[in-house]
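Accompanying notes for the structure given below.
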Amino acid sequence: MIRIDRGPWREMVNHAQAVYPNECCGAMIGAIDGDQKTVSHAIALDNVSAGSQAARYELRPEDLLRADREARGRKLDLIGIYHSHPDCGAYFSETDLKNSCPWYSFVVLSIQNGRFDHANSWLPNAEQTQAEKEELIWPES
Ligand SMILES: [Zn+2]
């Protein structure tokens with residue numbers, strides 16, 4: 001189960017809406033207690049995909065390392081990565097699966113006509129062949 005606090009949730013939704021119709025991406029930081037994860041910070045990262053950013057995202061590995069260092073500096077963990085799907089559902093695509101890492105939660109925000117619509121969190125398996133839906137709790141409004 002992954003719960004996202006109000007502050008980071010607002011930042012994630014604002015980020016996704018701001019870059020629409022492109023995809024946004026970022027890191028989620030917080031505390032992990034067994035299978036309970038609480039996201040307390042979101043870090044917006046650049047989408048450096050060289051092709052169309054409307055259909056894919058790409059992170060700089062050094063940006064992710066920086067987010068990981070920031071998490072450790074706060075005595076927290078890098079819980080996962082978020083990205084948006086402009087005008088399509090919050091499913092986990094083949095490309096998402098191919099670029100995934102099994103130890104992170106992947107939150108996908110569906111943005112329809114520039115506004116947040118819904119979100120899902122995904123847990124990819126080690127073989128990157130399948131992703132299981134994880135219970136996701138976000139604050140209302
Ligand atoms: Zn995606």
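Close contacts from segment 130-141, counting a first residue that is open to solvent by less than 100 Å² (accessible area, probe 1.4 Å) and a second that is of a type in the set (D, E), with Cβ to Cβ under 8 Å and a gap of 6+ residues or different chains, come to A131/D96; P139/D5. Among the residues of segment 113-125, those that are open to solvent by 40 Å² or more (accessible area, probe 1.4 Å) and within 18 Å of the chain's Cα centre (by Cα) comprise R115, F116, D117, H118, L123, N125.
All conditions in (1) at pLDDT below 95; (2) within 18 Å of V107 (Cα to Cα); (3) over 16 Å from the mean Cα position of the chain (by Cα) hold for A55, with the sole exception of (3). The set of residues in segment 13-50 that are free of Cβ contacts under 8 Å to residues at least 12 places away in the same chain and under 22 Å from D117 (Cα atoms) comprises N14, A18. Of everything listed in (1) touching an Asp or Glu at 6+ places or on another chain (Cβ under 7 Å); (2) farther than 14 Å from F106 by Cα; (3) at pLDDT 95 or above, the single unmet condition for A18 is (1). The condition of being of a type in the set (G, A, S), within 21 Å of A131 (Cα to Cα) and either within 14 Å of the ligand (Cβ to nearest atom) or modelled with pLDDT of 95 or more (or both) holds for only one of G30, G80, G34, that being G80.
The values are calculated or read from the model by the stated rules, or taken from the named source; none is laboratory data. Keep in mind that what you see is a predicted model, and the values were worked out from it rather than measured. Here Cβ is always computed from backbone atoms with ideal geometry, including for glycine, and neighbour counts include all displayed protein chains. When the accessible area is computed, the model is the full protein with side chains, heavy atoms only, and any ligands, DNA or RNA have been set aside. Shrake-Rupley method; radii C 1.70, N 1.55, O 1.52, S 1.80 Å.
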